[in-house]
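Structure record follows, encoded as structure tokens.
Read-outs throughout are calculated quantities, based only on the coordinates presented, and are distinct from any laboratory measurement. Remember, it's a predicted structure, so these values are computed and weren't measured experimentally. We place every Cβ from the backbone using ideal geometry, glycine too, and count neighbours over all the protein chains shown.
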Amino acid sequence: MAASFPSAPAIRTNPAVIRTEERTNPLRARHRILPYAILAVSVVVLFGCSKKAAEPAQSTQAAASSAAESASPWHMELKIVPDHPSMAKPITFQLHIADERGQPVNDAQVNGALTMKVMDMGTTKLSFAAKGNGDYEASMKGVDMSGPWALAIDASQGSTHAKQSFDVNVFD
Ligand SMILES: [Cu+2]
């Protein structure tokens, strides 16, 4: 009868049963969800960073640069105050106009049209006031968005008409 002893497989644990128990363990279940939660959080963090990083990319450019337009009979110089404008703060555009001989052009009608270069944000019209000695000035309370804008100047006096576009980079 002792010869039948080895046939006692009931003592052995069934590996299949253990695996089933592990799978139903609530702690284990939580560990399986955790990697997905971490992934979701990092996606949100990455998305937020890339959105912020996209805009200061233009910060190395000069605040104002003149786009070449040799057809203009006058020489125009634009100064932006402050030279590092923020979208939520007032911006003043100071324009100086000189003729072919470098003499200041007074009493010209000067208008500006500000548009965003990378998307359609509408056109903001600016009326420049004459300050004397070829100087003209227009101000804004701020702009709707930081980024690259273009200020198209249209100046006229009698039969003379001059147009020039300037880059205006607005910061956060
Ligand atoms: Cu915009």
Return the distance in nm (one decimal) between the two label points of a simple spin-label model at Thr115 and Asp83, each offset 7 Å from Cα along Cα→Cβ. 2.9 nm
Give a residue-ordered list of calculated ³J(HN,Hα) values for segment 94-111 (Karplus: 6.51 cos²θ - 1.76 cosθ + 1.60, θ = phi - 60°; whole Hz; x for Gly, Pro). 10, 10, 10, 10, 10, 8, 4, 8, x, 7, x, 9, 9, 6, 8, 8, 10, 10
Full-extension gain between Asp172 and Ser159, please, as 0.36 nm times their residue separation minus the C-alpha to C-alpha distance. 0.6 nm
